[in-house]
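Everything below concerns the one structure shown next.
The values are calculated or read from the model by the stated rules, or taken from the named source; none is laboratory data. This is a predicted model, so every value here is computed, not measured. Neighbour counts are summed over all protein chains in view; Cβ atoms, including those assigned to glycine, are modelled from backbone coordinates with ideal geometry.
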Amino acid sequence: MPELPEVEVVRRGLDAHVVGRTVTDVEVLHPRPVRRHVLGPLDFAGRLAGARVDAAVRRGKYLWLQLDTGDALSAHLGMSGQMLVQRPDAPAERHLRVRLDLDDGQQLRFVDQRMFGGLAVVGLVPTPDGLPAGTAAGGPSAPLLPPEVAHVGRDPLDPHLDLDRLVDRVRARRTGVKRALLDQTLTSGVGNIYADEALWRSRLHHARPTDTLPRPAVRRLVADVAAVMGEALAQGGTSFDALYVNVNGASGYFDRSLAAYGQAGAPCPRCGTAITREAFMNRSAYRCPRCQPVPRNARW
DNA sequence: CCCGGATCCTGCTGGC
DNA sequence: TGCCAGCAGGATCCGG
C-alpha cells in the first residue's frame, strides 16, 4: 500500500491490534524482504523475539514500530507490501514473507508480492529538529526515527511541517513540479496517484517548472495534496484490487473519487474534457488537457 | 550537490 | 490458445 493515506490506514490498524503486544516468535520465509537488516534474518528474528511493541509511528510512506528494547521494527511497503493481523489458523498467503507471533495468539504477517518493500530492526536516531518524528496515536511521537527515515521530509499531514521552508526548497529546484512532489526529501508520502490528483486540483501541468511557480501557487499545491490525502484517508485509502488492504484485509474506496488518476478517456469533473494519460518518468501522468495545458518552458 | 535515467522484483492484462 | 510486451501505486544507485 503505497502512498501516505494507505500507509496511515495500516498504521492505525497496527495501533489498534499490535501496540501493547509482545512478540513471542518470528519466522522469515523469504530473505529478500529483510535484506536491509544487514546482520541477516537470524539476527532480525532474535532482536524481535521477546520485544514489546510500544507505538506505531509513520512519516510519509515509512512506518515503524517502537519496541521496549530501544530498537524499532522499520517497515516500507514498497509497491505491494501488506501488514495483516491474522489468526494462526488462517491459511498462509501466497506471498507471505515474514510472520510474527504475538502474545495474544494473533499473528502479524508481512505479505509482499513484488518485494520492493521490506522490514529491518534498527536503532533510532534523534530527529534533526528535535521535534516529534511523525504521526502516532495518543499524542506526539518521540523525537526519534530510523536512520533510513532521517533524510525524508515531513509529510503534508504533519503539524510540524515547515511550509515556508518547503516552498523555498521547491522553488529552488530546477525541475518539473511533479518530480518535486515525488521527491521524498522535500515532502513525503506523495506518490503517483496523489501527485496527479493534487496537480489536477491546482490546475497545474506536471512539467511546470518549479522555479517559475509563484509562492502562493506552491502553497496552494501543498494544501491540495493535504486535502486530497485527508479525503482519501477518511475513505480508508485508495485501492484498485486486493493488493492494497488494511490490516484486516479490507480495501478502501477512494478510487471512486479520483478525478484524474487512472481516468484516461473519462470526462474531467470540472470541465468535461477527456482526461489523457501520457508516459512520464517510466510511469504515467494523467491530466485534463484543458485545465492543465502544457506550459511554456516545460521541464520534464 | 543536483538532476534524470536505469534497475531491482513478480504477476496480470491485452494485443497479435 | 500461447506468447510476449507493457504496465503496476516506490526507492535507490549511478553517471553526467
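Quick notes
- Residues (of a type in the set (K, R) and closer than 23 Å to A:E6 by Cα) located in the stretch A:140-181: A:R154, A:K178, A:R179
- Filtering the stretch A:252-286 to residues that are among the charged types (D, E, K, R) and either exposed (fewer than 13 other Cβ atoms within 10 Å of the Cβ) or within 16 Å of DNA strand B (Cβ to nearest atom) (or both) leaves A:D255, A:R256, A:R277, A:E278, A:R283.
- Test: residue in the stretch A:214-226 that is modelled with pLDDT of 80 or more, under 18 Å from A:V170 (Cβ atoms) and in a loop (DSSP other than H, G, I, E, B): yes
- Extreme residue, surrounded by the fewest Cβ atoms within 10 Å (Cβ to Cβ), among residues of the stretch A:287-300 that are within 16 Å of DNA strand C (Cβ to nearest atom) and assigned to a loop (DSSP other than H, G, I, E, B): A:W300
- Remark: A:V53 falls outside the filter, which requires a residue to be in contact with a strand residue (DSSP E or B) (Cβ under 6 Å, 6 or more places away or on another chain), more than 13 Å from DNA strand B (Cβ to nearest atom) and touching a residue at least 40 places away in the same chain (Cβ under 8 Å).
- Enumeration of residues in the stretch A:175-211 that are more than 13 Å from DNA strand B (Cβ to nearest atom) and β-branched (V, I, T): A:T187, A:V190, A:I193
- Any hit, the stretch A:31-53, residues being assigned to a strand (DSSP E or B), farther than 26 Å from A:G189 by Cβ and either touching a Cys at 6+ places or on another chain (Cβ under 6 Å) or of a type outside the set (A, V, I, L, M) (or both): yes
- Any chance A:S202 is polar (S, T, N, Q) and at pLDDT 95 or above: yes
- Taking the stretch A:111-136 as the range and being in a loop (DSSP other than H, G, I, E, B) and either loosely packed, with under 15 Cβ neighbours inside 10 Å or within 14 Å of DNA strand B (Cβ to nearest atom) (or both) as the test, the residues that pass are A:Q113, A:R114, A:M115, A:F116, A:G117, A:P128, A:D129, A:G130.
- Some residue of the stretch A:65-78 being surrounded by fewer than 17 Cβ atoms within 10 Å (Cβ to Cβ), assigned to a loop (DSSP other than H, G, I, E, B), modelled with pLDDT of 95 or more and among the polar types (S, T, N, Q): yes
- Some residue of the stretch A:137-151 being β-branched (V, I, T), surrounded by 15 or more Cβ atoms within 10 Å (Cβ to Cβ) and within 16 Å of DNA strand B (Cβ to nearest atom): no
- Residue check for A:A207: over 27 Å from A:V9 (Cα atoms), part of a loop (DSSP other than H, G, I, E, B) and either among the small types (G, A, S) or within 15 Å of DNA strand C (Cβ to nearest atom) (or both): yes
- Check on A:R169, assigned to a loop (DSSP other than H, G, I, E, B) and either surrounded by fewer than 20 Cβ atoms within 10 Å (Cβ to Cβ) or more than 16 Å from DNA strand B (Cβ to nearest atom) (or both): no
- Residues of the stretch A:71-95 satisfying the condition of being within 23 Å of A:P5 (Cα to Cα), away from DNA strand C (no atom under 16 Å from the Cβ) and aliphatic (A, V, I, L, M): A:L73, A:V85
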